[in-house]
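The values are calculated or read from the model by the stated rules, or taken from the named source; none is laboratory data. Because the structure is predicted, anything quoted here is derived from the model rather than measured. Cβ: placed from backbone, ideal geometry, glycine included. Neighbour counts: every protein chain shown.
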Amino acid sequence: MIRKLLCMSCLLVSVRASAVPKGQPTMAVLPFQLSPVIETVQIGDLVVNRTLVEREFSNHLIAFLTKSRKFNMLSRTHIESVINENMLTESDWIKPGEAERIGKLLVADYLVTGVINRMEFQVIEQNIQITGETTPRIVATFKSQFQIIESQSGKIVAADQVLNRLKSADVRREIPASERKDWTLADFRELLFERSATEMGNAILSGVYPVKIIEVAADSVVLNRGQGVGVNVGDIFVVVSQGEPIVDVDTGETLGGSEEEVGMIEITSVEVKFSKAKILKGKEAIQYGDVCRMKKKEIPQQEPAYPRATPGW
């Protein structure tokens with residue numbers, strides 16, 4: 001009888017343990033460093049502080065990853081406090097092996113580090129003969145390389161780069177004149193950082209938690225991505241089925257697996273924690289757990305409308 005009760009007790013503990021959800025991993029985003037080859041960051045006649053640029057972009061990335069609800073994000077204040085307490089400099093955390101130590105000091109499961117390789121703003125004054133106005137034509141370029149490091153092992157989980165170019169024409173086409181009529185160059189920089197952080201954030205999420213199908217109906221699916229993390233109504237995703245993982249015979253490391261495109265979907269609604277999509281093709285092949293990769297949009301070239309009655313970028 002006692003043995004039976006012990007067995008039942010063990011079973012109950014086991015069931016309860018399996019019912020407890022796994023905690024979200026903790027992630028720290030270190031301030032992105034401007035490459036040493038970039039002596040100054042100049043926007044027109046305005047010279048921007050290097051530290052401001054590094055912290056500002058990191059803040060945009062932290063905000064994006066926080067909205068994903070996939071990680072417990074450490075605040076910039078906490079990160080800087082730990083770095084200062086341990087007398088670490090920016091050169092320390094880019095040394096080989098230092099990321100693992102910093103990750104453990106921060107008590108973070110993942111560490112995101114990066115370098116800003118290009119930060120360019122070209123401002124050209126353009127005369128509009130019809131209206132007699134002089135308006136700036138801006139081309140901004142942002143390029144950054146980043147990597148995600150698993151703190152416990154020091155292993156690089158994913159590494160990639162983001163190259164983003166923003167033109168005045170893009171802003172005029174996508175943002176109403178009523179919103180941009182009082183814009184400054186700082187607003188232009190904010191938009192460039194926001195878009196670059198969104199692209200990088202999606203790449204980071206894909207490296208750790210790719211977008212997946214969590215429910216399949218007759219002609220629609222539900223995805224494990226919600227508001228604020230780069231999924232919008234009208235986005236097109238390619239659905240791929242992943243094969244068995246391939247393991248390195250020498251190291252035992254998982255190298256990924258083969259992928260087969262099985263369908264295509266279009267986002268129809270975005271909720272707080274999930275999104276819904278209609279199946280464009282592959283109704284019979286798409287299954288629960290399939291990975292979804294966003295298809296890049298091709299922005300059509302539009303002829304400018306003349307005369308332009310409102311000022312702005």
* Asked: Can you name the number of the only condition in (1) under 14 Å from Phe193 (Cα atoms); (2) at pLDDT 80 or above that Asp109 fails?
  -> (1)
* Those residues of the range 186-201 which are touching a strand residue (DSSP E or B) at 6+ places or on another chain (Cβ under 9 Å), at pLDDT 85 or above and not hydrophobic (A, V, I, L, M, F, W, C), in sequence order -> Arg195, Ser196, Glu199
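Among the residues of the range 279-291, is there at least one that is modelled with pLDDT of 60 or more, more than 30 Å from Trp183 (Cβ to Cβ), of a type in the set (A, V, I, L, M, F, W, C) and exposed (fewer than 11 other Cβ atoms within 10 Å of the Cβ)? Even if it seems obvious, please write down each step before you answer.
Keep residues of the range 279-291 that are modelled with pLDDT of 60 or more, which gives 279-291.
Of the ones still in play, those that are also more than 30 Å from Trp183 (Cβ to Cβ) are 279-291.
Remaining after also requiring of a type in the set (A, V, I, L, M, F, W, C): 279-280, 285-286, 291.
Applying the additional criterion that residues be exposed (fewer than 11 other Cβ atoms within 10 Å of the Cβ) yields none.
Scanning the range 279-291 turns up no residue that is modelled with pLDDT of 60 or more, more than 30 Å from Trp183 (Cβ to Cβ), of a type in the set (A, V, I, L, M, F, W, C) and exposed (fewer than 11 other Cβ atoms within 10 Å of the Cβ).
From the list Val211, Val262, Val238, Val229, pick out the single residue that is surrounded by 13 or more Cβ atoms within 10 Å (Cβ to Cβ), under 25 Å from Ala158 (Cα atoms), at pLDDT 80 or above and touching a helix residue (DSSP H, G or I) at 6+ places or on another chain (Cβ under 9 Å). Don't jump to the end; show me each part of the working.
Numbers: Val262 fails: touching a helix residue (DSSP H, G or I) at 6+ places or on another chain (Cβ under 9 Å); Val238 fails: touching a helix residue (DSSP H, G or I) at 6+ places or on another chain (Cβ under 9 Å); Val229 fails: at pLDDT 80 or above.
The unique qualifying residue is Val211.
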* Ala177 in contact with a Gly (Cβ under 8 Å, 6 or more places away or on another chain) and exposed (fewer than 14 other Cβ atoms within 10 Å of the Cβ) -> yes
